[in-house]
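Presented below is the structure to which this report refers.
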Amino acid sequence: MASSEEHDNKMVEVLNNQFEKLREAMDEMFEMKANGLNVEGKRSSAALLFVALKHSNREVKRSIKAGRDELHMEKSKVDLSRLQLQNLLYEVSHLKKEIIRCKNFGAKFNLELLSDEEYSIKFPNTPKEQPEMSSHKKHLHRLECELKLRKALDSQYNILLSSKQELLQDNLSQAQRYTSFAPALRTLMESTKPLHDALQLSLDVEWKLGTVVKYLPKPLYLLFINMQSLQRVLDDSSFKAEVVGFESDAQMQELLMAKERASKQSTSGGERRHFLDENNSSESSMENLQNRSLEPHPLHIKVIIGSADSPYHLLLIIRYWGRLKCTTVRAEFCCSSNNNHQGDANFVQDLLRHLYPNDLGDEIPISGIDYELQNLNMTSEDCMDFLIKNDFGYPYCWLQSMCSIPTVNKSKLYKHELNLHNCTREVITRIRSRWNSWLKLTQQIRGLTYKDIDLYSLKENIYPAGLACSLVQCTAITLDEFHHQNADAINYMSDTKCITYSTYRAVVVRGSAKMECFIQIPSNYPMEMPIWVLSIHWNGCHTSKNNSAIKMMECWTNSLQPKHLDPNDNFLYVQLFRTIYSFDIFLETEGSMQSNIEYNKEKPYISAFAKRIRLRPYRYIKKGSVYAFKQ
Amino acid sequence: MKEKDLKRAYNNVLSQTISTSQRFLFCGNLLGDIFILDLKELDKGTEEPPGKLKLSAQGSDVDINCLAFHRDYLIVGAIGLIYGLQWNEEEQLLSTKRAWEVKIPMQVDAVEVPDVNSMWLHSDTDTLYAGCGDGVIYQISLEDGRIQREFRGHTDYVHCVVGNANGCIYSGAEDGTVRFWNDKEKEQTAMLEPHKNSQLLRPDWGKWIGAVAVNDDWLICGGGPRPAIWHLGSLECTRTLDFPGRVHVCDFVDDCVLLGGEHNHVQFYTLNGALQSNIPVEHTACYSSVWQTTPFKFMSISGFSNKLHILKDFRFLDSKIDLYGNVEGKDADTDESEEEAIFCGDAL
């Protein structure tokens, strides 16, 4: 620009110059003319000045043209960029519209999409998407997958629907076929009736029994049917289930329930009340209301466990509580002979309590029961108190499982047993085996306390050649007396919040020495074994705290496990003999060092002591005809 | 009673040893478990509780009667068998594979496999002296595992073997004698019979010698008889110590005498026989003590209980460390499976 301006200025200067020169020439010529001089030479030189002027004129025109061209070029550039700008603006508005549309779409359908991983699991053959995909693209991909998935599911649904239709059709045709048999069967039955009578077959009896069953509430019905089928399949006579109660009661209740429902419908929105409540609801106290609303179903199931030839049976009474939506079981000890069995009643409850770990039955394991009871102004604790007070038993989770009632236990674990057959079978087996081992244990305890056992002839007596000691006494003691004994065996016992213990004290005597055995029997026997704490009175009192030999003795007795002995052995007796022989060995080995010898070596052992701990030969080894006590 | 409770109630730790690096303590019990304690835990101050122990199970049929440590091997004395386990200090890992085994030969008239009751390691000559249940002390070369020599003379099983640097070996046994041996002589060089000393005899407790300890001039021994200090040169009993229980542990510690055994205390006496400190312990009986003065001072006493007793100044009880129940990675309750196992054992 500057150069063109300069150029212009130059041009102006040049023109001005030329004009000046021309005027000068004109003036000169005029003067010369006026003076009458010859101007011809001057005129030709002045004419030459016109040539230069013309040249300059052309120059000017050229530069104007060039300027105009430049201007045009710049203008077209501006036009182009303006056009582009317009385009962009249009594009922006279009995209904005698109975005709004997408948003609207999203809001309208609001699909719940699965994550990428889940889709890639569902469609394993789709190519793995690139990790650098934008979130939008990812979303699109997911949508695509979702569409695919839905299509697949839709086709599946259609297939299932058609198969359902087919099955229905099939079902219908089969049913028609069966109903077509009915008249023929009826005539057959009628025609063979005389034959039945003649043969004295009573086909109706079982059916009649079944009619009561029909009135059982659903959970108990399931339980009963399962038990019955199990019993028939296994051909097992060691347990038996019966329905107790009258048809009429159940019918009555059903009627009343129906009535209550009807009345509730008519006075909808009113307070929930029990069926009997409607006449005298105003004067009935809260307690009455509770008692009445907490009423078991009139029918209950009685299960008798125990073989037919045994005089002792375990009786389980299983009731269903409509309000609590659960079943409870109470165990009873049932003895055909008239012996006095004090304390035995307690252990049958323990047996059920410890059937499964952490299932003590001290709360109602039904989800949401607290909320439902609120409507009756009750809490689940009240209900538990009521059940316990009236001796209706406990709502164990395993029992609900047997009845196919879903449970929520203390650790908030939901469980709904569907394999009822296996579950029932397992529970029955478990109860039965526990029952048998408890029965054995109580017999042993009775044998010890009444001393009506012959220690010499018992098969648990491992070393029949000699029993130098005698059991002089065995009595029940309180737990405090037991804990008065200070032994590591007690101190190191795991925290047992729910297990109760019964304790006994047995006294074994040999000569001037006396051994006291404090025996602790846990309520969850046989999951835990009885513990023995020993103390020997002979030349002072020796316990596991002050004498390592006694501690080893205790260890030897307490480390006995059921797997170490024959299935038919009585555990407590084996422990007793172990302890008695250890006592003998202790006296005989200790006696060998005494200055005045009271106890001679009678047992066959090789060395009295071994190892730095001076371990005594408590262990009895029998190989063929060779037997010995060893360390 | 559950198995873990049983183990805790009747844990009997017979032996302890400290690694060559003096950084780890090994304890072996009669249930075949070796506990490994990082000694750093003891040194790190009293506020924070010590970390958990490592456990290396040798199998329930292995009674760990004694332990020793040589170079990077832990030497285990079991029944009729001495074996070495490699200890990897870097990874703090005790090899489960036995690096070598030495079988104790059965005597012709023996009916039982002899226990290895006590081991004394002479590091300078790579020799191990093992006092065994057959009353023989075996001298074992650790270079090739060969039994170099048998020291015969005891008429009952050996409780304790110790020695000193100039090749003398001293052993105490159930037969009531302490015998002195020398590398160069076949027969014993001298013998003590503390039960023949009426001052030492405790008639009801027998004549056995449970523990022997020596320094350059003096020897302590005790067991059924009262513990006493004897002069090595003259074989005279110079001082009787009034430890009230049976003796299973004795040692010269600094200028004191440590005594432990079947008593609810361990006691320190001066060489003049005066009681210096009386430390209560939970063990029904103490069976082992190990101690060191560098890099830091500590003593650990173990016995028939589930606890190690730690003394830092050899005068007062400093802390007790649980063994079972304080083991890395094993504390998770396995109640359920255990219970099932018991239940299955019950006859249906």
If you go through A:ASP454, A:ASP480, the only one that is within 23 Å of A:GLU528 (Cα to Cα), away from chain B (no Cβ under 14 Å), charged (D, E, K, R) and outside any strand (DSSP E or B) is A:ASP480
The one condition A:HIS483 fails out of (1) crowded, with 17+ Cβ neighbours inside 10 Å; (2) touching a helix residue (DSSP H, G or I) at 6+ places or on another chain (Cβ under 9 Å); (3) not hydrophobic (A, V, I, L, M, F, W, C) is (1)
By residue number, the members of the stretch B:4-30 that are more than 10 Å from every other protein chain (Cβ to nearest Cβ) and crowded, with 21+ Cβ neighbours inside 10 Å are B:VAL13, B:GLN16, B:THR17, B:PHE24, B:LEU25, B:PHE26, B:CYS27, B:GLY28, B:ASN29
* To do: Please verify whether the stretch A:62-83 includes one or more residues that are more than 60 Å from the chain's Cα centre (by Cα), within 15 Å of A:MET11 (Cα to Cα) and polar (S, T, N, Q).
  => yes
Among A:LYS42, A:LYS108, the single one that is of a type outside the set (Val, Ile, Thr), open to solvent by less than 100 Å² (accessible area, probe 1.4 Å) and at pLDDT below 85 is A:LYS42
Filtering the stretch A:360-408 down to residues that are open to solvent by 10 Å² or more (accessible area, probe 1.4 Å) and at positive phi yields A:GLY368, A:ASN377, A:ASP391, A:SER404
Of the listed residues (B:LEU192, B:LEU201), the one being touching a His at 6+ places or on another chain (Cβ under 9 Å) and over 26 Å from B:ILE279 (Cβ atoms) is B:LEU201
Per the list (1) buried (at least 20 other Cβ atoms within 10 Å of the Cβ); (2) out of contact with any Gly (no Cβ under 9 Å at 6 or more places or on another chain), residue check on A:LEU467 breaks on (1)
Across the stretch B:228-252, the tally of residues that are open to solvent by 20 Å² or more (accessible area, probe 1.4 Å) and within 14 Å of another protein chain (Cβ to nearest Cβ) stands at 2
With the first residue restricted to the stretch A:369-381 and required to be of a type in the set (D, E, K, R), and the second required to be loosely packed, with under 15 Cβ neighbours inside 10 Å, Cβ contacts under 9 Å at 6 or more apart or on different chains are A:ASP370/A:THR379
Filter the stretch B:187-204 for residues that are at pLDDT 90 or above, part of a helix (DSSP H, G or I) and open to solvent by 20 Å² or more (accessible area, probe 1.4 Å); the one that is farthest from the other protein chains (Cβ to nearest Cβ) is B:LYS196
Given (1) of a type outside the set (A, V, I, L, M, F, W, C); (2) surrounded by fewer than 20 Cβ atoms within 10 Å (Cβ to Cβ); (3) in contact (Cβ under 8 Å) with a residue 60 or more places away in the chain; (4) within 19 Å of A:ARG614 (Cα to Cα), B:GLY223 misses just (2)
Going through (1) touching a residue at least 60 places away in the same chain (Cβ under 8 Å); (2) assigned to a loop (DSSP other than H, G, I, E, B) one by one, B:HIS159 fails only at (2)
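Provide a single number: the residues in the stretch B:293-315 that are open to solvent by less than 10 Å² (accessible area, probe 1.4 Å) and over 15 Å from the mean Cα position of the chain (by Cα).
Residues in the stretch B:293-315 being open to solvent by less than 10 Å² (accessible area, probe 1.4 Å) and over 15 Å from the mean Cα position of the chain (by Cα): 4 in total.
Sort out which residues of the stretch A:534-577 are among the aliphatic types (A, V, I, L, M), within 10 Å of chain B (Cβ to nearest Cβ) and under 23 Å from B:SER305 (Cα atoms), and write them in order of number.
A:ALA549, A:ILE550, A:MET552, A:LEU560
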All-but-one check, A:ILE462 against (1) within 22 Å of the chain's Cα centre (by Cα); (2) not assigned by TED's automatic domain parsing to the domain that holds A:TYR356, failing number (1)
Over the stretch B:309-330, the set of residues under 20 Å from B:PHE252 (Cα atoms) and hydrophobic (A, V, I, L, M, F, W, C) is B:ILE310, B:LEU311, B:PHE314, B:PHE316, B:LEU317
Going through the stretch A:190-236 in order, the residues found to be more than 30 Å from A:PRO406 (Cα to Cα) and modelled with pLDDT under 75 are A:GLN200, A:LEU201, A:SER202, A:LEU203, A:ASP204, A:VAL205, A:GLU206, A:TRP207, A:LYS208
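Within the stretch A:571-619, how many residues are out of contact with any His (no Cβ under 7 Å at 6 or more places or on another chain) and in a loop (DSSP other than H, G, I, E, B)?
23
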Residue pairs qualifying under the 6 Å Cβ cut-off, at least six apart or on distinct chains, with the first in the stretch A:35-64 being closer than 13 Å to A:GLN18 by Cα and the second being open to solvent by less than 70 Å² (accessible area, probe 1.4 Å), are A:ALA46/A:ALA25; A:LEU49/A:LEU22; A:ALA52/A:GLN18; A:LEU53/A:GLN18; A:SER56/A:VAL14; A:SER56/A:LEU15
In the stretch A:496-526, residues that are out of contact with any Ser or Thr (no Cβ under 8 Å at 6 or more places or on another chain) and at pLDDT below 85 total 4
Subset of the stretch A:537-563, residues touching a residue at least 24 places away in the same chain (Cβ under 8 Å) and in a helix (DSSP H, G or I), comes to A:SER548, A:ALA549, A:ILE550, A:LYS551, A:MET552, A:MET553, A:GLU554, A:TRP556, A:THR557, A:ASN558, A:PRO562
When (1) surrounded by 13 or more Cβ atoms within 10 Å (Cβ to Cβ); (2) assigned to a helix (DSSP H, G or I); (3) assigned by TED's automatic domain parsing to the domain that holds A:VAL303 are applied to A:GLU242, the one that fails is (2)
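Among the residues of the stretch B:39-51, are any under 28 Å from A:MET553 (Cβ atoms), in contact (Cβ under 8 Å) with a residue 24 or more places away in the chain and of a type in the set (A, V, I, L, M, F, W, C)?
no
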When restricted to A:LYS630, A:LYS611, the only residue in contact with a strand residue (DSSP E or B) (Cβ under 7 Å, 6 or more places away or on another chain), without any contact (Cβ under 8 Å) to a residue 24 or more places away in the chain and within 13 Å of chain B (Cβ to nearest Cβ) is A:LYS611
For the stretch B:205-220 the number of residues that are within 14 Å of chain A (Cβ to nearest Cβ) and touching a residue at least 40 places away in the same chain (Cβ under 8 Å) is 6
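Please verify whether A:THR449 is surrounded by fewer than 17 Cβ atoms within 10 Å (Cβ to Cβ) and within 13 Å of chain B (Cβ to nearest Cβ), treating the condition exactly as stated.
No; evaluated as a whole, the condition is false for this residue.
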Counting only residues that are over 16 Å from B:LEU25 (Cα atoms) and exposed (fewer than 14 other Cβ atoms within 10 Å of the Cβ), the stretch B:61-97 contains a total of 3
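The values are calculated or read from the model by the stated rules, or taken from the named source; none is laboratory data. What you are looking at is a predicted structure, and each value in this text was computed from that prediction instead of being measured. FYI the Cβ positions are ideal-geometry reconstructions off the backbone, even for glycines, and counts take in every protein chain you see. The accessibility values were calculated without ligands, DNA or RNA, using every heavy atom of the protein model including side chains. Shrake-Rupley method; radii C 1.70, N 1.55, O 1.52, S 1.80 Å.
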